[in-house]
1. Looking only at the range 179-205, which residues are aliphatic (A, V, I, L, M) and without any contact (Cβ under 8 Å) to a residue 60 or more places away in the chain?
2. Taking the stated definitions as given, is residue 226 out of contact with any Ser or Thr (no Cβ under 6 Å at 6 or more places or on another chain), at pLDDT 90 or above and not β-branched (Val, Ile, Thr)?
3. Answer with yes or no whether residue 81 is aliphatic (A, V, I, L, M), part of a helix (DSSP H, G or I) and surrounded by fewer than 21 Cβ atoms within 10 Å (Cβ to Cβ).
4. So, in the range 248-274, of the ones that are part of a loop (DSSP other than H, G, I, E, B) and in contact with a Phe, Trp or Tyr (Cβ under 8 Å, 6 or more places away or on another chain), which residue ends up surrounded by the most Cβ atoms within 10 Å (Cβ to Cβ)?
5. From the list 94, 73, pick out the single residue that is charged (D, E, K, R), surrounded by fewer than 17 Cβ atoms within 10 Å (Cβ to Cβ), out of contact with any helix residue (DSSP H, G or I) (no Cβ under 7 Å at 6 or more places or on another chain) and not assigned by TED's automatic domain parsing to the domain that holds residue 278.
6. Condition (residue is in contact with a strand residue (DSSP E or B) (Cβ under 9 Å, 6 or more places away or on another chain), surrounded by fewer than 19 Cβ atoms within 10 Å (Cβ to Cβ) and either farther than 30 Å from residue 181 by Cβ or modelled with pLDDT under 90 (or both)) applied to the range 133-152: is it met by at least one residue?
7. Among residues belonging to the range 38-64 that are of a type in the set (A, V, I, L, M, F, W, C) and touching an Asp or Glu at 6+ places or on another chain (Cβ under 6 Å), point out the one that is surrounded by the fewest Cβ atoms within 10 Å (Cβ to Cβ).
8. Can residue 177 be described as more than 19 Å from residue 409 (Cα to Cα) and in contact with a strand residue (DSSP E or B) (Cβ under 7 Å, 6 or more places away or on another chain)?
Amino acid sequence: MTPTKDSLPNSESCRSILHSRYNPIAEAERYIDTLSLREGVDFFILIEPGMGYIISPLQKKFPCAKIVCLHVEDADVQAILEREIPDVYASSIEIIEWKPSQRLFGEKYLHLLSETTAFIKRANANKYTTDYFSERWFSNFFKNVDSIKKFIIFERFDKPIIVVGAGPCLEDSMQAIKALQKKGAFVLAVSAACATLLKNDVLPDMVVASDGGNWAVFHLFELVRLYRQTTGVEVPVAATMNAALPVQIADLPMLLITDGSLWQNTVLKTLGFPFFGMPQRGTVTAQALDLAFALTPTSVFITGMDLANRDILVHARPYALDFHVHAATRLKPLYSSAFVGAANNSFAVYAEWFKRKLNFYPKRLFTIGENHQVFSSLPVWIDAKIADKQFRQEARIFSLDRSTKGIYGKKAVEILLSALKNGVYGQKIAGEIAELLSCVVDEKTIMEKANHPSGV
């Protein structure tokens with residue numbers, strides 16, 4: 001460290017100096033004044049700001065904005081940004097570079113900038129989904145609060161987990177899944193894989209549901225049939241609070257997952273509902289993989305993650321939405337519909353996201369079957385990796401009295417309205433909901449958007 005004329009710390013190398021030797025504070029103020037910064041920015045991302053002299057003048061100009069500083073020594077930049085910035089704020093992010101850092105750190109600085117722009121691009125893609133589904137997701141939250149009867153307490157367990165996606169390669173992985181499950185591995189399946197697994201006599205230990213679209217309920221009907229029409233088997237469901245869930249699923253135990261937003265956490269905590277917070281992902285397979293790493297400290301296996309079409313197939317068969325195949329007509333043939341789906345670039349976005357995340361996942365991830373090539377660097381499953389012993393460990397489950405229909409949904413709305421008036425965090429909650437719903441937040445809006453059937 002080198003002292004400046006004003007006795008403030010500085011950083012120096014043989015190639016460059018990060019800040020003015022004479023007056024770094026004045027230098028930072030002049031730099032911020034020269035930037036054309038738009039109004040309404042909620043988050044500023046500073047790319048290697050050095051000693052951080054630009055933070056104070058930036059705070060003076062934007063007192064309500066949050067400032068996130070990234071440094072070249074930061075390992076998982078994506079994880080930092082995901083933790084600090086919800087996707088709903090993607091359109092109100094501004095990057096500020098400190099150019100002397102680029103001259104000093106070179107490629108490390110450019111890597112930091114590249115990771116940040118990639119995060120914003122992905123957050124924007126997620127936000128498009130959020131904008132489309134936002135009102136439905138919001139009302140799903142209150143609907144789910146009102147219908148769930150049984151809860152699972154989140155606890156880690158010491159057993160391997162198989163994360164099962166719904167890609168076509170799942171069909172070729174059944175024997176490996178059965179072999180691992182027989183030795184005690186925990187099968188954590190996305191909801192779209194249920195029909196394929198059950199058809200092949202594989203009972204998942206838990207199913208993950210995060211899709212807010214109405215069609216998503218068809219995947220969970222498989223579990224409802226299993227419970228009501230056969231042996232009464234209760235397969236637990238790990239569901240995000242904005243997921244579309246059929247009302248019949250209320251008979252099954254649920255692990256509630258919030259997106260980490262203050263408004264969701266506040267409502268569930270006040271109601272006394274146990275929950276687990278996780279960043280919202282654009283795809284349920286990524287959500288399931290995050291959950292797997294949170295649940296176990298040991299090996300995690302993945303399969304059914306093609307992230308691509310196999311000819312015209314996007315999912316393993318049978319598939320809960322196969323009735324669309326029978327609905328094909330002369331004017332809307334199957335291949336034409338499949339081509340439209342293949343032209344959607346969402347698979348490429350997800351593949352790129354996984355590519356970046358793989359470097360930071362724990363080194364206990366294995367692949368089963370022909371997953372997407374982005375996973376080719378992972379070690380392939382070998383039978384000897386799992387000891388021949390049982391890992392069975394029951395989850396803690398308790399039931400909640402639902403004798404008064406509609407009471408919990410009504411309470412949830414009342415809690416949220418009360419939280420909006422809180423002098424400490426009410427403004428933050430209002431900002432989250434306003435960003436989600438793209439409207440002014442008031443009592444009338446909350447009551448209408450919650451769309452509560454009891455007429456709250």
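The values are calculated or read from the model by the stated rules, or taken from the named source; none is laboratory data. Because the structure is predicted, anything quoted here is derived from the model rather than measured. Here the Cβ is made from the backbone with ideal geometry for all residues, glycine too, and neighbour counts use every protein chain on show.
1. Within the range 179-205, 187, 197, 198, 202, 203 qualify.
2. Spelling it out, it is not the case that residue 226 is out of contact with any Ser or Thr (no Cβ under 6 Å at 6 or more places or on another chain), at pLDDT 90 or above and not β-branched (Val, Ile, Thr).
3. no
4. Per the stated criteria, the residue is 252.
5. None of the other options fit; the residue is 73.
6. yes
7. 41
8. yes
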